[in-house]
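What follows draws every value from the coordinates through simple rules; no lab data is involved. Since we're looking at a predicted model, the values are computed, not measured. Because the Cβ atoms are built from the backbone with ideal geometry, glycine has one as well, and the counts that use them run over all protein chains shown.
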Amino acid sequence: MKFGVLVFPGSNCDHDTHHVVDAIARQPVTYLWHASEDLQGCDAILVPGGFAYGDYLRTGAIAKFAPVMQSVAKFAKGGGLVLGICNGFQILCEAGLLPGALMRNASQNYICKQTFLRTETVDSPFTHGLTRGQVLQMPIGHMEGNYFCDAETLAALKAEDRIAFRYATPEGEVTAKSNPNGSLESIAGVLNEERNVLGMMPHPDRSSEALLGSADGLLLFQAMAESLAAAR
């Protein structure tokens, strides 16, 4: 099995993500250039953080038209695993692979800090190794991380258990103070209807080694690898 890390002009976490998969999770991984439609036989696609195309117009608005994203959309429709991190989450929402949108932080400021996430579902290829309510520590670094969707979409996310993570306290309480960006109902990550696409604002790639302050993010990459191996 092989992971593919997308590379857009302005990506700045592509090497971080590649490093985690290659050196820490010890899985085959390759870079996938934005102008190519070839996914090189990858079994999972990682859309990393950064500022794709300079975040012109709005985050992800240009990246969704990249040739590689047309292939990613077909890949996801066929059941392939896709994880979007930070800017990757924004791109997946713009491309229609995930519901909702990421708006400017409620504070109107760029935020870079450690956060705590409460695991809301374990029914996915990304979270099956966790326990419901488990608290993970991961950093954020964004200006537009304020998740929003309409009432109908929110009701569906809840009813279908598709909210993957919520911002919380270290003890797992979801409070207004623990919500760093004003995100609707403290949502930090969501799944698509088929549960094979996950988007999240916090960075598992920046929290996969104890040296970085937390290795909790590695659990998601390991879960993906296990899911792929089980499907073979």
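Numbers below:
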read-out	value
When residues of region 49-88 are limited to those that are in contact with a His (Cβ under 9 Å, 6 or more places away or on another chain) and not in a loop (DSSP other than H, G, I, E, B), the one surrounded by the fewest Cβ atoms within 10 Å (Cβ to Cβ)	P67
Count of region 192-221 residues which are in contact with a Gly (Cβ under 8 Å, 6 or more places away or on another chain) and crowded, with 16+ Cβ neighbours inside 10 Å	14
A106 being at negative phi and either part of a helix (DSSP H, G or I) or among the β-branched types (V, I, T) (or both)	no
Residues (farther than 23 Å from V82 by Cβ, touching a helix residue (DSSP H, G or I) at 6+ places or on another chain (Cβ under 9 Å) and of a type outside the set (V, I, T)) located in region 147-179	A168, A176, S178, N179
Breaking point among (1) touching a residue at least 24 places away in the same chain (Cβ under 8 Å); (2) farther than 17 Å from M224 by Cβ, for Y56	(1)
